[in-house]
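Here is the structure we will look at.
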Amino acid sequence: MLDPKVEIRSWEAQLAVDDASYRLQLAYLFERSAFYREKLAATGVDSADDAGGLVEIAELPLTEKQELKATATDENPIGSHQCAAPSEIVRIYSTSGTTGTPSYIPLTADDLENWITGSARSYAASGVAAGQRLLSTYNAGPFVAGAALDGLERIGVCHIPVGTGSSERLLLALELLQPEAVVLTPSYAATLVETAADRGFDLAGSSVERLLVAGEPGGGEPAFRSKLEDGWGARVTEAMGIGDIGPSLWGECEEQDGMHLGARGFVHVELIEPETGHAVELDEGATGELVLTHLQHRAAPLLRFRTRDHVRVRTSPCPCGRTGPRVRCLGRTDDMLIVRGVNVFPSAVREVVGGFSPDVSGNVLLEPGSPGVKQEPPLPVLVELANGTRADDSLAAAIRQKLRDVLVVQAQVELVPFGTLHRSDYKSKLVEFGARPESAHADSGRAKDP
């Protein structure tokens, strides 16, 4: 445990510490944030005293990412939530900007230190320790993952940054440098299992003992995790961050029973109902969307920020000794489809299909017939067969029935040959709106359930 004094503190004591930090953070927002002064005043909250403490936080408005982006200008590309003076800012990260102009995320020296501390706690929870070699595959560049990788130095591991773009180079590094741990996305971990098999490389017999996966849901899905552990011969734990709030905020310990909050003391955690925004208690088994609030941030702190991550909460004591709620990410609420009133997460579909291993590869693609969240049944789902497995109408029907039993969704399941669906060295695409050209997945071995 990297920071026992903090990580085993009772959750009640942690909340008391956080409440004091929160009140100071609110005072700072009213002093320096034009965005939050205006936003809170619109709801009748004109001072930090009016806002109260953490007990009253659910009475304050939620913050949406698009609200922040709407205040960015050419003169102030960060937005009106920037609080720190330019001279105080030591680093500026950005989002990928795949859906438009990137969002810029500034940090003061103290902000950066807190990010690194939280990330180090999260990664250390997996069991990696000083003196071990850890290979990373993230091409962090301008993205917040760079600060998470800085956390590896805090742990004391020997960091081997390889990046993506050449699986051959990565396999060679595994063979020659003998790392005990690898950090990568679940999708790339799965891709490498297949790549290694094609190259005759004994991945399960390599030096790797721990696989730390992050960047997308999947590492906590039992069937998918089992596939990775069998393929790598290593224990899989996952981590999770939210770019606007911080990298690797959460990290799973060796018990593999949900991710602990490595950023405790720096971030306050809430749960809400995605549809209504109403607060949900952090009780055992509760599900909802994560909402996060900075507690000690200076450059551009956020209050009640909607992460769009849909999680399940665990509160039972963890044998590792760390306290507080743990979470398992079930999917992104902005990836969710609604099929005749039923919420369907693509990652949940993948998890159900993964239960049909060894007949399937575990790769799936949802192909909604019309744009938008709301869809009419049946929901088209492509399921890729395992290598050497031929299409079978009874298998397609069994998968369709299982999806209906578990997720209460009517699906049209189409089996496609191994290798049909795209592999990724970063994140997998699980949804593609509109039917693709027939040639994209045409093959005589396809089967379709009635």
* Asked: When Rg is the radius of gyration of the Cα atoms in the stretch 207-352 and Rh is its Kirkwood radius, what does Rg/Rh come to?
  -> 0.97
* Helix-derived [θ] at 222 nm for the chain: sum -39500 (n - 2.57) over DSSP H runs of at least 4, divide by residue count, nearest 500? -> -9000 deg cm²/dmol
* Structure fact -> Hull volume per residue for the stretch 137-227, using the convex hull of the C-alpha atoms, in Å³ is 101 Å³
* To do: Would you mind pulling out the separation of the Cα centroids of the stretch 1-48 and the stretch 189-203, in Å?
  => 46 Å
* Structure fact -> For the stretch 119-190 (alpha-carbon point model, no solvent) the Debye-based log₁₀ I(q)/I(0) at q = 0.16 Å⁻¹ works out to -0.53
* List the extent of the Cα atoms of the chain along each of their three principal axes, largest first, rounded to whole Å. => 68, 52, 46
* **Cα centroid separation - the stretch 389-416 against the stretch 251-311, whole Å** => 34 Å
* **Estimated FRET transfer efficiency when R0 is 56 angstrom, pair residue 402-residue 75 (beta carbons, to 0.05)** => 0.55
* Asked: If you take the Cα Rg of the stretch 1-148 and divide it by 2.2 N^0.38 Å, with N the number of residues, what do you get?
  -> 1.23
* Structure fact -> Rh_Kirkwood(the stretch 337-448) over Cα pairs, Å, one decimal, evaluates to 14.0 Å
* **Most mobile of 370, 206, 136 in a GNM of the chain (Cα contacts under 10 Å)** => 370
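Read-outs throughout are calculated quantities, based only on the coordinates presented, and are distinct from any laboratory measurement. Just so it is clear, the structure is predicted and the values come from calculations on it, not from any experiment. Please note: Cβ atoms are built from the backbone with ideal geometry, for glycine as well, and neighbour counts cover all protein chains shown.
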